[in-house]
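Enquirer: Structure below; questions to follow.
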Amino acid sequence: MTNARKQVFHRGIAAPLLQPNIDTDAIIPSREIRRVSKEGLGDALFSGWRYRSAESREPEPGFILNQAQYREASILLAGDNFGCGSSREHAVWALKDFGVKVILAPSFGGIFFNNCALNGILAIELEEEAIARLARWVQADPGGNRLEIDLAAQRIRWREGKEMRFDIEPARRSLLLEGLDSIAATLRRESAIRVFEEQDRQSRPWVYEFPDR
Amino acid sequence: MPATLLEKLWNLHEIADLGGRDSLIHIDRIFLHERTGSIALRGLEQEGRNVRAPRRAFCTMDHIVDTRPGRGDISLVPHGREFIEATRHSARNAGIHLFDIDDSRQGIVHVVAAENGIVLPGMSAVCPDSHTCTLGALGALAWGIGSTEAEHALATSCLRASRPRSMRVNFVGTTTPGVTAKDMILHLIAGFGSRAGRGFAVEFAGPAIYDLNMDGRFTICNMAVEMGAFTGMIAPDEHTIAYVRDAPYAPRGPLAEQAEAHWRELHSDEGAEFDRELEVDCARIAPSVTWGTNPEQLVGINGVVPEPGAFDDPQQSLAARQAQAYMDLEPGTSMRSVRIDAAFIGSCTNNRLDDLRDAANHLRGRKVASWVQALCVPGSSAIKRQAEAEGLDEIFQAAGFEWREAGCSLCFHAGGESFGGRRVISSTNRNFQGRQGPGARTHLASPLTVAASACRGYISTAEDS
């Protein structure tokens, strides 16, 4: 898990995408996954909504990320259950490649939520009402009304002098702040893993020894 | 202290407490497929890391591989061959088990992991695929992960995981004829919402669950993720033990006796406390079908498309309006008047032997409507062979269904075959916009409902045709 990147502080344009249950098929349709690669997927982000057709790549002017004032958005204000559905990490790689750094939603799909942290995207759970308040302010002047996300202080700063606090689990916070290599960290526990397996092998030998066809 | 099934499974695999709700969990089995497994294996190769326990890691071809008869490495999916070849190459290099396209054990990952006895009751198992929760039906702790977490599991035989909260759903009473496991789980999701399971491991219990055979239980657990759950699970009983006994990778002789004694302890104790308990009255479940673009947007087949304004929650009203625009359905439309263009029986939700038997029983002596394209895709090569031994393939084909090789097929559109622009009745798990092709309108239902609807050419119950 060396994909994590340090992320302490971010200031940027926020785009509201408030309908609930935006699934990973919508974030990146399966047909857009054309290579065994994590790179270059930003062009495919939301392709079913963003383009008039997948082939022509002609922008659909009604879609929010095609509108001039939101084209450089790096923060998404999302609806409930954002990123539900398929486990495809390509959804997170596409968001990251597009330039998304922070997503705020009332709740997230569980696998997507983990995938975000492992790739340096900060997913923040925030009440629907709070997100609606931020969305109203942002919409008044998308380019000017930029949000500031301070992970170290766990604060979202918006309208002059206004801020709100957000919660994040300590392990997720330090993964994002320190960009840890989780595999290396777990490998340092190899002796504990080995002891566990030796004991487990006594009580559940069939887990370790089985007919090998 | 009485313990829940979740607590027992978690404690069996906890190597270390990492603080908060986090634990280092031992992973007994890792399964991969060519869509997301290929990238995990390649990631490890690029970092110069090895698979720590290759004998406990498995890989199959299901997502991209063609299901048309006479298939090979060439898939209709653009660049599909790259995924197949990369997976084969990396799996061989890593020394893990590979069920390749021509292997007799090939099939959908969650189907073959169970039928081969690779995942057994009490085991922990992960796969970079959201429907890994299917295997919870064995009484295993099985959940879906991303590709990066798959790299971690392959390299260390462990995952850092946050202990989910516990939920029990009790299915009480008995179902009426024509109601299947698919209707039960869809009814639960519709009743409590597609976020009701968020953060929970959901244990499905109650007499109606234990009356189901294993194929029905897999259907129930498969859709735990569609209610947002970390995973689903069902305590093992004699059905479970009979199912895994004699499976190719299951223990034999005295080891089997020892294992079975252990498995019989894997249930929630009397008096165990859950963080949440729900109850479903089975008598209230009807054969059902979705009308929208999320599995919670469901109605009985004898019902009508609801008014968006009738939902209390404004978000749900908004979602209903958007879904109905996409689905091209007006409020008040009778579901039984909705004409379909295609019918699909397949996917890790509903393409096991009992599903195929259910559908074939209805199709015997009937024909698919002239305007409907109908497909049946068995879940594994083994299921396909068994179905053929029972003559089910002939029934499907005589009725006008295509009879395919095993795989995920049109459960989703990966760029090859497509239901684009058409209305489909489907035994799958997701009716998301564009899931089965650009503009495809998916109605989720049981295999029995799919068969009945295919014959009438309109959404139908088995009594209709």
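Enquirer: Among (1) in contact with a Lys or Arg (Cβ under 8 Å, 6 or more places away or on another chain); (2) of a type in the set (A, V, I, L, M); (3) touching a residue at least 24 places away in the same chain (Cβ under 8 Å); (4) under 30 Å from A:Arg172 (Cα atoms), where does B:Ala53 come up short?
Expert: With (1) in contact with a Lys or Arg (Cβ under 8 Å, 6 or more places away or on another chain); (2) of a type in the set (A, V, I, L, M); (3) touching a residue at least 24 places away in the same chain (Cβ under 8 Å); (4) under 30 Å from A:Arg172 (Cα atoms) applied to B:Ala53, the lone miss is (1).
Enquirer: If you take the residues in region B:22-58 that are more than 8 Å from chain A (Cβ to nearest Cβ) and in a loop (DSSP other than H, G, I, E, B), which one is surrounded by the most Cβ atoms within 10 Å (Cβ to Cβ)?
Expert: B:Glu34
Each row is one residue, and each column tells you yes or no for (1) surrounded by 20 or more Cβ atoms within 10 Å (Cβ to Cβ); (2) farther than 18 Å from B:Ala406 by Cβ.
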site: B:Glu85; (1), (2): no, yes
site: B:His89; (1), (2): no, yes
site: B:Gly95; (1), (2): no, yes
site: B:Phe99; (1), (2): yes, no
site: B:Asp103; (1), (2): no, no
site: B:Gln106; (1), (2): yes, no
site: B:Val109; (1), (2): yes, no
site: B:Ala113; (1), (2): yes, no
site: B:Leu120; (1), (2): yes, yes
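Enquirer: From the list B:Val244, B:Val225, which one is in contact (Cβ under 8 Å) with a residue 12 or more places away in the chain, touching a His at 6+ places or on another chain (Cβ under 7 Å) and buried (at least 24 other Cβ atoms within 10 Å of the Cβ)?
Expert: Criteria check complete, one pass: B:Val225.
Enquirer: Continuing with the same structure: State whether the residues of region B:388-400 include one that is under 23 Å from B:Met227 (Cα atoms), surrounded by 22 or more Cβ atoms within 10 Å (Cβ to Cβ), touching a Lys or Arg at 6+ places or on another chain (Cβ under 6 Å) and not assigned by TED's automatic domain parsing to the domain that holds B:Ile185.
Expert: No, that holds for no residue.
Enquirer: I'm checking my understanding of the structure. Among residues of region B:300-318 that are part of a loop (DSSP other than H, G, I, E, B) and modelled with pLDDT of 95 or more, which one is nearest to B:Phe192 (Cα to Cα)?
Expert: Across region B:300-318, the extreme among qualifying residues is B:Pro306.
Enquirer: Go through the residues of region A:75-87 one by one and say whether even a single one is within 11 Å of the chain's Cα centre (by Cα), in contact (Cβ under 8 Å) with a residue 12 or more places away in the chain and either surrounded by fewer than 22 Cβ atoms within 10 Å (Cβ to Cβ) or within 8 Å of another protein chain (Cβ to nearest Cβ) (or both).
Expert: no
Enquirer: Looking at region B:15-25, is at least one residue within 17 Å of B:Val119 (Cβ to Cβ), in the same structural domain as B:Trp143 (by TED's automatic domain parsing) and among the β-branched types (Val, Ile, Thr)?
Expert: Looking through region B:15-25, at least one residue is within 17 Å of B:Val119 (Cβ to Cβ), in the same structural domain as B:Trp143 (by TED's automatic domain parsing) and among the β-branched types (Val, Ile, Thr).
Enquirer: Shifting gears a bit: If the requirement is being within 26 Å of B:Ile425 (Cα to Cα) and touching a Phe, Trp or Tyr at 6+ places or on another chain (Cβ under 8 Å), which of these qualifies: B:Met167, B:Met223, B:Met184?
Expert: B:Met184
Enquirer: Which ones in region A:164-197 are surrounded by fewer than 13 Cβ atoms within 10 Å (Cβ to Cβ) and part of a strand (DSSP E or B)?
Expert: A:Arg165
Enquirer: While we're here: Would you mention how many residues in region B:324-364 are outside any helix (DSSP H, G or I) and either at pLDDT below 95 or touching a helix residue (DSSP H, G or I) at 6+ places or on another chain (Cβ under 8 Å) (or both)?
Expert: The total comes to 14.
Enquirer: Examine region A:55-73 for a residue that is hydroxyl-bearing (Ser, Thr, Tyr), facing another protein chain (nearest Cβ under 9 Å) and closer than 23 Å to B:Arg435 by Cα, and state whether such a residue exists.
Expert: No, because not a single residue in region A:55-73 is hydroxyl-bearing (Ser, Thr, Tyr), facing another protein chain (nearest Cβ under 9 Å) and closer than 23 Å to B:Arg435 by Cα.
Enquirer: Just to be sure, is B:Gly416 over 18 Å from the mean Cα position of the chain (by Cα), within 22 Å of B:Leu444 (Cβ to Cβ) and free of Cβ contacts under 8 Å to residues at least 40 places away in the same chain?
Expert: Here the answer is no, as B:Gly416 does not meet what is asked.
Enquirer: For region B:391-399, does any single residue satisfy the condition of being assigned to a loop (DSSP other than H, G, I, E, B) and touching a residue at least 12 places away in the same chain (Cβ under 8 Å)?
Expert: no
Enquirer: Oh, and also: Counting residues that are within 14 Å of another protein chain (Cβ to nearest Cβ) and of a type in the set (S, T, N, Q), which helices (runs of 4 or more DSSP H) fully inside region B:156-264 reach at least 3?
Expert: Hits in region B:156-264: none.
Enquirer: Considering (1) without any contact (Cβ under 8 Å) to a residue 60 or more places away in the chain; (2) under 22 Å from A:Phe9 (Cβ atoms); (3) in contact with a strand residue (DSSP E or B) (Cβ under 7 Å, 6 or more places away or on another chain); (4) surrounded by 14 or more Cβ atoms within 10 Å (Cβ to Cβ), say which one A:Ile131 fails and leave the rest.
Expert: Answer for A:Ile131: the failing condition is (1).
The values are calculated or read from the model by the stated rules, or taken from the named source; none is laboratory data. Since this is a predicted model, take the numbers as computed values, not measurements. For neighbour counting, all protein chains shown are included, and Cβ atoms are generated from backbone atoms with ideal geometry for every residue, glycine included.
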